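Asker: I have a structure here, written as structure tokens, and I will follow up with some questions on it.
The values are calculated or read from the model by the stated rules, or taken from the named source; none is laboratory data. Computed from a prediction, not measured in an experiment: that's the story for all the values here. A quick note on method: Cβ atoms are made from the backbone with ideal geometry, for glycine too, and the neighbour counts reach across all protein chains shown.
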Ligand SMILES: Nc1ncnc2c1ncn2[C@@H]1O[C@H](COP(=O)(O)OP(=O)(O)O)[C@@H](O)[C@H]1O
Ligand SMILES: [Mg+2]
């Protein structure tokens, strides 16, 4: 069966998924790469933006050495199609600059350049992932707010849970965001994932009146750091490993999720980004 055609038939515009965590090092980039690759393996057309603009490492995790990146796009030297590189299962990757401070001070103009060129891909992709930076900068919050799906990645470590909560609190109190999806990473199994989810969703409901939806979990798996060292997506390197199976399950669930707005897609995303929600 042609699953890509199937996706299109279900009337889907692009599903824009922003992945954030508050705390760094919890597995965001790894999650983005593997969910994107899994979905692409199922026939979806997937694009990924490394939005850790100044310290991006998504390309490094895949052993790609892109010649150009967002810096060249923002400076006008290159177009979006010229900086894009291909990842596992044909995912399209927009590489961030690395170690370039100016890029972290991205303002309205840069966002417009990116969004304008992205708009041309409407109808050509099914999923658009944003690997947001750690922390709760304006850049992170504007990406999360503009996306259809706000996906929070957390681990059972108290520091990760606290930061995930802080991120949701800022998004809720300052911007009225009320719905988040949670992916628990590095858990021992479903029981621990559910336990952490229950805790976070209880406090979220009680103090912020938000809805937290359990999207899935990924077990702690020694194959993950091995794949990272080999600079390969684990779903490619060890497709039968526990983490890979979990990514595939989560990817299937993502495919079934409805998008936030009726209009949806990259145009909606762009409008949201332009709606005065910029970092300067
Ligand atoms: N499910 C997992 N099992 C084992 N190790 C993991 C898992 N997920 C992530 N890691 C480890 O954590 C490191 C950081 O992951 P990364 O995706 O770079 O985090 P972030 O993008 O949130 O900073 C990875 O290099 C990997 O070694
Ligand atoms: Mg990262």
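Asker: Can you pull out the residues in the stretch 123-135 that are within 14 Å of ligand 1 (Cβ to nearest atom) and surrounded by fewer than 20 Cβ atoms within 10 Å (Cβ to Cβ)?
Answerer: 134, 135
Asker: Does residue 204 satisfy the condition of being more than 27 Å from residue 89 (Cβ to Cβ) and either at pLDDT 95 or above or under 16 Å from the mean Cα position of the chain (by Cα) (or both)?
Answerer: The answer is yes for residue 204.
Asker: Taking residue 31, is it modelled with pLDDT under 90 and under 25 Å from residue 111 (Cα atoms)? I'd like the intermediate steps shown before the answer.
Answerer: Values: modelled with pLDDT under 90: no; under 25 Å from residue 111 (Cα atoms): yes.
Taking the combined requirement at face value, the residue does not satisfy it.
Asker: Same structure, new question: Grab the helices (runs of 4 or more DSSP H) fully contained in the stretch 143-256, keeping just those with 2 or more residues being in contact with a strand residue (DSSP E or B) (Cβ under 8 Å, 6 or more places away or on another chain), away from ligand 2 (no atom under 16 Å from the Cβ) and over 15 Å from residue 26 (Cα atoms).
Answerer: Helices (runs of 4 or more DSSP H) meeting the threshold: 158-175, 190-203, 242-256.
Asker: Sticking with this one: Can you pull out every residue in the stretch 15-38 that is more than 11 Å from ligand 2 (Cβ to nearest atom), over 18 Å from residue 142 (Cα atoms) and either part of a loop (DSSP other than H, G, I, E, B) or over 13 Å from the mean Cα position of the chain (by Cα) (or both)?
Answerer: Of everything in the stretch 15-38, just one residue is more than 11 Å from ligand 2 (Cβ to nearest atom), over 18 Å from residue 142 (Cα atoms) and either part of a loop (DSSP other than H, G, I, E, B) or over 13 Å from the mean Cα position of the chain (by Cα) (or both), namely 38.
Asker: For the stretch 224-233, name all the residues that are touching a helix residue (DSSP H, G or I) at 6+ places or on another chain (Cβ under 8 Å) and within 8 Å of ligand 1 (Cβ to nearest atom).
Answerer: Narrowing the stretch 224-233 to residues touching a helix residue (DSSP H, G or I) at 6+ places or on another chain (Cβ under 8 Å): 224, 226-228, 230-233.
Passing the criteria: 224, 228.
Asker: Go through (1) within 16 Å of ligand 2 (Cβ to nearest atom); (2) outside any helix (DSSP H, G or I); (3) in contact (Cβ under 8 Å) with a residue 60 or more places away in the chain; (4) in contact with a helix residue (DSSP H, G or I) (Cβ under 8 Å, 6 or more places away or on another chain) one by one and return the number of the condition residue 139 breaks.
Answerer: For residue 139, the failing item is (2).
Asker: Would you mention how many residues in the stretch 119-136 are within 16 Å of ligand 2 (Cβ to nearest atom) and over 20 Å from residue 34 (Cα atoms)? Walk me through it before giving the result.
Answerer: Initial filter on the stretch 119-136 (within 16 Å of ligand 2 (Cβ to nearest atom)): 129-136.
Going one step further and asking which of them are over 20 Å from residue 34 (Cα atoms), we end up with 135-136.
Selection size over the stretch 119-136: 2.
Asker: Hey, could you check the stretch 44-72 for residues that are farther than 22 Å from residue 144 by Cα and part of a helix (DSSP H, G or I) and say which is nearest to ligand 1 (Cβ to nearest atom)?
Answerer: 61
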